[in-house]
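The values are calculated or read from the model by the stated rules, or taken from the named source; none is laboratory data. Here the structure is a predicted model, which is why all the values come from computation and not from measurement. In this analysis, Cβ positions are derived from the backbone assuming ideal geometry, glycine residues included, and neighbour counts consider all displayed protein chains. Only protein heavy atoms, including side chains, enter the accessible area calculation; ligands, DNA and RNA are left aside. Shrake-Rupley method; radii C 1.70, N 1.55, O 1.52, S 1.80 Å.
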Amino acid sequence: MASDAAAAPAEASAKKEPDWMQSIAGQIRFLSTGDRAGLRRMDLTRSHAADGTVIKLLTRAKVPQQAQGTGFDRWRLVTHVAAILSGTGATQAHAEGRRLGSALREADYSENRLLRLLAVRGEALDDQVRRVARVLAQKGKHPINLWTLYHLVGSDAAKAEAARIRIAQDYYAAAARSEEGTSSDA
């Protein structure tokens, strides 16, 4: 269901197209305090009242309308996660080189929770992604590469699977580095 226009992530830097996630994360700080709070809380209320704020943010970030219309629920979730990660101080939520799996490991995210994140689909996946965002925000382990989450919750099965594999690889690589560091210290 994700169109080529909506799937421009990794290729964006190679083609010198704007990084929509970078733009979204950068635009959050220009939203009013109320709008940022509404984006952070939209999962608690299960209200679509924040949709106008999501559309305003996507428009300011120059995400094309065609891409906005493709999988709006996914954009809604990504902006929600970006708002959670940016917090009340509107800090940066996206960094292309900051891998999600590594950030989860650094945040002491348990392997069981990781496996749950990688196994679930549909609404349960959305709930797990929200939980990931809250943990990373609480532990101060952000920014992250939001494109990974975008693909993880997308309808393109191949890109979602690639995101799952990348998250697991990065998590276990960070765990191995951590174990090597504690072994050499002993």
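Gly154 falls short on exactly one of the conditions (1) assigned to a helix (DSSP H, G or I); (2) within 30 Å of Ala67 (Cα to Cα); (3) in contact with a helix residue (DSSP H, G or I) (Cβ under 7 Å, 6 or more places away or on another chain); (4) open to solvent by less than 30 Å² (accessible area, probe 1.4 Å), and that condition is (1). So how many residues does region 157-170 have that are under 17 Å from Glu106 (Cα atoms) and either open to solvent by less than 10 Å² (accessible area, probe 1.4 Å) or among the polar types (S, T, N, Q) (or both)? Of the residues in that region, 2 qualify. In this structure, Arg116 does not satisfy being touching a residue at least 40 places away in the same chain (Cβ under 8 Å), assigned to a helix (DSSP H, G or I), open to solvent by 60 Å² or more (accessible area, probe 1.4 Å) and within 22 Å of Ala163 (Cβ to Cβ). From the list Thr88, Thr59, Thr79, the one residue that fits, being farther than 26 Å from Gly122 by Cβ and assigned to a helix (DSSP H, G or I), is Thr59.
Under 7 Å between Cβ atoms, at least 6 apart or on separate chains: pull out the pairs that start in region 46-75 with a residue that is on the phi > 0 side of the Ramachandran plot and end on any residue that is part of a loop (DSSP other than H, G, I, E, B). Between residues of region 46-75 that are on the phi > 0 side of the Ramachandran plot and residues that are part of a loop (DSSP other than H, G, I, E, B), the close pairs are Lys62/Pro18; Gly71/Met1; Gly71/Ala2; Gly71/Ala6; Gly71/Gly154; Gly71/Ser155. Criterion applied to Ala137, Ala133 was being touching a His at 6+ places or on another chain (Cβ under 8 Å), free of Cβ contacts under 8 Å to residues at least 60 places away in the same chain, part of a helix (DSSP H, G or I) and more than 18 Å from Ala173 (Cα to Cα), and the one residue passing it is Ala133. In region 62-76, which residues are part of a loop (DSSP other than H, G, I, E, B) and either within 20 Å of Val153 (Cα to Cα) or open to solvent by less than 20 Å² (accessible area, probe 1.4 Å) (or both)? The answer is Val63, Pro64, Thr70, Gly71. Taking region 83-102 as the range and being closer than 23 Å to Asp156 by Cβ and either at pLDDT 95 or above or aromatic (Phe, Trp, Tyr) (or both) as the test, the residues that pass are Arg99, Leu100, Gly101.
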